[in-house]
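J.: Structure below; questions to follow.
The values are calculated or read from the model by the stated rules, or taken from the named source; none is laboratory data. Not measured: the values here are computed from a predicted model. Cβ placement follows ideal geometry from the backbone for every residue including glycine, while neighbour counts extend to all protein chains displayed. To get the accessible areas, we keep the full protein, side chains included, count just its heavy atoms, and leave off ligands, DNA and RNA. Shrake-Rupley method; radii C 1.70, N 1.55, O 1.52, S 1.80 Å.
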Amino acid sequence: MAKILILGGTAWLGRTIADRALAAGHLVTCLARGEAGGLPEGAAAVVVDRDRPDAYAGVPAEHWDLVVELTRLPAHARAAVEALSHGARRWVFVSSCSAYADHSAADAREEAELLKPLESVQDYTPELYGEAKSGCEWLTMATRGNAALVVRPGLIGGPGDPSGRSTYWPLRLADRREPVLAPFQDGGGGRQHVQLIDVRDLAAFILDAGLAGRTGAVNAVGAAMPLQDVLVAAREAANANPRLVPYPLSAMKDDGVSPWSGPRSLPLVLPLGDDHAGFARRSDARALEWGLVRRPLVETFRDIIAADEPWAGRQLASGLSAGDEAALIAGRKPSNFAPAESATLPRRQPDQSRLG
Ligand SMILES: NC(=O)c1ccc[n+]([C@@H]2O[C@H](COP(=O)([O-])OP(=O)(O)OC[C@H]3O[C@@H](n4cnc5c(N)ncnc54)[C@H](OP(=O)(O)O)[C@@H]3O)[C@@H](O)[C@H]2O)c1
């Protein structure tokens, strides 16, 4: 039984880590304000705003087998590691692949260059997320003399995803409304990929690698899959085979459709024009060597569908509303994917050939 302190624990990943640690019989304490959600049942709580100068005064003065830090603010990372490091045997900082400076090369490893670290005295804005994570990494490693594990997830997905990115396609296909507007990659750029790690597999890896005393940086990413295969997995999970309207990605800009995430977007689609050849294609070699176990994407999608309400035209945090989708479809002709794309789709089940 280990004593684990989670700096966070009220939001999606932090709570999943806490729940898993509690289920394994560990003693868990979570430090947060409680604004992102309630504290996990069974965990001890330190309810505090980390903006306060005395934020860590209420943390029990004991030995921690593991501290898991989830912040994106260098000021919070610095104050916490300075206040708590001496009592912590092992330390995990949850960073992000957004901390990397370059996304143009596939299979890049953990030694690739990072963005310029944001300093703890500099103001944070969401546009500086990558720099901020880079800054948190640097502060953590410098204070602990490199005796910390830096976990860099790529896209995190699964039931309860607050961003709506991983939930859009399985829920849309489970909805049974036809036809479905489906991305069709015309024009330039390399073939788009998705590297989605299930939040539960990530939580397990963070705990296992952290408690095992791993140190250094590791990409904690899903298996790299072409975007079209992700749609096939969503179709399989939904057990659906709807008519599709291929939507050329080159039309997004004129139609005011955003890539990747947010309202009126095509979730998981990358922006055209930038050099994203290596995006969602980070090396997973070290994580696999260190014991990362990943469930198949179709299983994640099935659990998303099982955990959620029917689509019913509601707007998720990311994706197209029923009205926006209908308006975009109106000018296009329902059909299967264009032949060049359909040739790339695996036929997983003989009765689901309309996508393939
Ligand atoms: N989603 C992705 O695809 C993705 C990809 C790569 C990396 N990541 C990283 O994965 C992690 C996700 O963590 P998460 O899901 O648990 O969500 P999160 O929103 O990043 O968690 C923030 C936690 O910090 C606490 N917090 C924020 N401000 C605070 C303050 N002033 N004082 C005290 N506590 C504060 C929040 O709790 P309260 O609000 O209750 O205080 C919450 O528990 C993050 O590190 C993120 O950067 C995410």
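J.: Before we move on, is L27 open to solvent by 50 Å² or more (accessible area, probe 1.4 Å), of a type in the set (A, V, I, L, M, F, W, C) and touching a Cys at 6+ places or on another chain (Cβ under 6 Å)?
T.: no
J.: Any idea which residue in the range 8-29 is farthest from the ligand (Cβ to nearest atom), counting only those that are closer than 19 Å to W64 by Cβ and assigned to a loop (DSSP other than H, G, I, E, B)?
T.: If we take residues in the range 8-29 being closer than 19 Å to W64 by Cβ and assigned to a loop (DSSP other than H, G, I, E, B), then G25 is farthest from the ligand (Cβ to nearest atom).
J.: A further question follows. Report every pair of residues separated by at least 6 positions or lying on different chains whose Cβ atoms are under 6 Å apart, first residue within the range 95-119 and farther than 22 Å from A77 by Cβ, second more than 14 Å from the ligand (Cβ to nearest atom) and open to solvent by 40 Å² or more (accessible area, probe 1.4 Å).
T.: Taking only residues 6 or more apart or on different chains, the pairs are H103/H276; S104/D275; S104/A277; A106/R281.
J.: Quick one: which residue in S104, S98 is within 22 Å of the chain's Cα centre (by Cα) and within 16 Å of the ligand (Cβ to nearest atom)?
T.: From the options S104, S98, the qualifying one is S98.
J.: Checking A142 against (1) without any contact (Cβ under 8 Å) to a residue 60 or more places away in the chain; (2) buried (at least 20 other Cβ atoms within 10 Å of the Cβ); (3) of a type in the set (G, A, S), which test does it fail?
T.: (2)
J.: Sticking with this structure for a sec: Can you pull out the residues in the range 67-95 that are away from the ligand (no atom under 16 Å from the Cβ) and either closer than 27 Å to Q195 by Cβ or of a type in the set (G, A, S) (or both)?
T.: Passing the criteria: S85, G87, A88, R90.
J.: Take the conditions open to solvent by less than 10 Å² (accessible area, probe 1.4 Å), within 15 Å of the ligand (Cβ to nearest atom) and out of contact with any strand residue (DSSP E or B) (no Cβ under 7 Å at 6 or more places or on another chain) and apply them to G135. Does it pass?
T.: yes
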